[in-house]
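The values are calculated or read from the model by the stated rules, or taken from the named source; none is laboratory data. Predicted model only: the values in this text are computed from it and were never measured. When we count neighbours, we look across all protein chains shown, and the Cβ atoms used for this are built from the backbone with ideal geometry, even at glycine. Accessible surface is based on the protein model in full, side chains and every heavy atom, while ligands, DNA and RNA are left aside. Shrake-Rupley method; radii C 1.70, N 1.55, O 1.52, S 1.80 Å.
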Amino acid sequence: MISVAEGQSRILAEIVPLREIEPLPVARSLGRTLAEDVLAPFDIPPADNSAVDGYAVNHDDIPKEGKARLRVIADLPAGWVFDGVIERGETVRIMTGAPLPKGVDTVVHQEITEREGDMVWIQTIGAGANVRLRGEDVMEGQRVLTAGAQLRPQEMGLLASLGFPAVKVFRRPRVAILSTGDEVTDPGQSRRPGQIYDANRFSLVGLVREVGCEALDFGIVPDVREELRSRLLAASEKADVVLTSGGVSVGVFDLVKEVLAEIGGIDFWQVNMTPGRPLARGRVGKAHFFGLPGNPVASMVTFLLFVRPALWKLMGRRELEPRRFEAVATATIGKKPGRREFKRGILTFNGRRWEVSTTGPQGSGILTSMVAGNCLIILPEERGPVQSGELVLVEPFQQP
Ligand code: AMP
Ligand code: MG
């Protein structure tokens, strides 16, 4: 029996990031890992400009108190540059985003002005007010993004604002997903007595896509040695990672480990956790292999704990730790010292603090616990029951 932490570190030690670079339009780069540092080719904003609609003035023309009257010599919309110089006693009407002309340093927002034909009354305001300075967001030459960053909507916007139509990212890992078991059949097919519809392949396809990898559906394989062998080999030729569920627990038809021993290499672990004790990891051909337990909750939880960080590392991500924090248990949670347990929890913010309770029955086949829940409640090996009011560690299902 190995601990969760040991399983995780053994898996990560085997993973080498893919590092195959591909260019992609920025608009399609969401969730990808940046493959290169990005340096700003110019300042943002590129020039001092107005933060409001108003009148651009020389601060020396503004009275310490009361009002002053200035001559309006031009109208300056965003996207246009005023070539001339603004002399003392003059002003231009300026729109948000328009570059400041020479001779002015301050913008008086429209709300505190009064227009009279060609003239405008302005009130006192601080020097430099309402001006966005050149380079105040980004300076030319600055490293704005570093390789390994995950591209979120804001990174996409920043890249575009720096004039880049495309970006270099790492290729997405391809992950083949198979279900095993004579009892498992596809939704849409008729179901014989004793058969169940496949849940895991669909949950795993979703998880793989959520992580940002490409999911390849390799269907259901019956517990027949030759079929399992040929399907695993076919999957390994198309994918960087092969993921199966079922067939890793001890049983007559549990062939995954035998076949894997022939066509790749396999470690077969008992992990000291609930749900999801049995776990296989190894290689099929050039692909990494993970054999997850068949019970639907166990396959999802073991994916989150062992496969997701491996995929993150393959993707070139720097951040391999899931987001976790403490929440207050609002009811007792049963637990015996011994295994590390991952309960499904409902996490809510009550306006002051995070609170969590379990979803109800916690069997490893109770998939509705994942549906009702929004987080894992992580209870370390040594701890016993949790009393209401105690702090527990939680990990939201959706990770940024
Ligand atoms: P196994 O690991 O193959 O012994 O399966 C453990 C349990 O999970 C059994 O009750 C299986 O019927 C069930 N199971 C295995 N694969 C799936 C699947 N793809 N979808 C839903 N349940 C499954
Ligand atoms: Mg099975």
Taking the stretch 292-305 and keeping residues part of a helix (DSSP H, G or I) and not polar (S, T, N, Q) leaves 296, 297, 298, 300, 301, 303, 304, 305
Checking 265, 212 in turn, the sole residue that is open to solvent by 10 Å² or more (accessible area, probe 1.4 Å), within 29 Å of the chain's Cα centre (by Cα) and not acidic (Asp, Glu) turns out to be 212
How many residues of the stretch 42-60 are in a strand (DSSP E or B) and open to solvent by 20 Å² or more (accessible area, probe 1.4 Å)? The answer is 1
Over the stretch 355-382, the set of residues open to solvent by 50 Å² or more (accessible area, probe 1.4 Å) and more than 23 Å from residue 203 (Cβ to Cβ) is 382
The lone condition residue 63 fails out of (1) more than 30 Å from residue 155 (Cα to Cα); (2) assigned to a loop (DSSP other than H, G, I, E, B); (3) open to solvent by 70 Å² or more (accessible area, probe 1.4 Å); (4) in contact (Cβ under 8 Å) with a residue 24 or more places away in the chain is (3)
Taking the stretch 384-395 and keeping residues under 16 Å from residue 331 (Cβ atoms) and surrounded by 16 or more Cβ atoms within 10 Å (Cβ to Cβ) leaves 386, 392, 394
Within the stretch 219-240, residues within 16 Å of ligand 2 (Cβ to nearest atom) and among the hydrophobic types (A, V, I, L, M, F, W, C) come out as 220, 221, 224, 228, 232
From the option list 205, 184, single residue qualifying as open to solvent by less than 30 Å² (accessible area, probe 1.4 Å) and more than 16 Å from ligand 2 (Cβ to nearest atom) is 205
(request) Could you please let me know if residue 241 is under 21 Å from residue 397 (Cα atoms) and within 28 Å of the chain's Cα centre (by Cα)? (result) no
Worksheet item: Does residue 398 qualify as being part of a loop (DSSP other than H, G, I, E, B) and more than 17 Å from residue 276 (Cβ to Cβ)?
Response: yes
Exercise. Is it the case that residue 90 is loosely packed, with under 14 Cβ neighbours inside 10 Å and not aliphatic (A, V, I, L, M)?
Worked result: no
Checked against (1) open to solvent by 10 Å² or more (accessible area, probe 1.4 Å); (2) more than 16 Å from ligand 2 (Cβ to nearest atom), residue 296 satisfies every condition except (2)
### Query
Residue check: is residue 178 near ligand 1 (Cβ under 10 Å from one of its atoms), touching a residue at least 24 places away in the same chain (Cβ under 8 Å) and within 22 Å of residue 232 (Cβ to Cβ)?
yes
Exactly one of 191, 143 is open to solvent by 90 Å² or more (accessible area, probe 1.4 Å), within 16 Å of ligand 1 (Cβ to nearest atom) and at pLDDT 95 or above, and that residue is 191
With the first residue restricted to the stretch 279-291 and required to be assigned to a strand (DSSP E or B) and open to solvent by 10 Å² or more (accessible area, probe 1.4 Å), and the second required to be modelled with pLDDT of 95 or more and aromatic (Phe, Trp, Tyr), Cβ contacts under 8 Å at 6 or more apart or on different chains are 281/289; 281/290; 281/306; 282/289; 283/289
Practice problem: Report yes if residue 298 is in the same structural domain as residue 250 (by TED's automatic domain parsing) and free of Cβ contacts under 8 Å to residues at least 40 places away in the same chain, otherwise no. | Solution: no
Pairs returned, first residue in the stretch 185-211 that is on the phi > 0 side of the Ramachandran plot, second residue that is assigned to a loop (DSSP other than H, G, I, E, B), beta-carbon separation under 7 angstrom, 6 or more apart or interchain, are 194/183
Do we find a residue being closer than 30 Å to residue 147 by Cα, open to solvent by 20 Å² or more (accessible area, probe 1.4 Å) and away from ligand 2 (no atom under 16 Å from the Cβ) anywhere in the stretch 250-262? no
* Asked: Do we have any residue at all in the stretch 330-344 that's within 16 Å of ligand 1 (Cβ to nearest atom), in contact with a Pro (Cβ under 8 Å, 6 or more places away or on another chain), closer than 25 Å to residue 202 by Cβ and open to solvent by less than 60 Å² (accessible area, probe 1.4 Å)?
  -> no
Note: among 338, 334, 373, just one is among the small types (Gly, Ala, Ser) and in contact (Cβ under 8 Å) with a residue 60 or more places away in the chain, namely 338
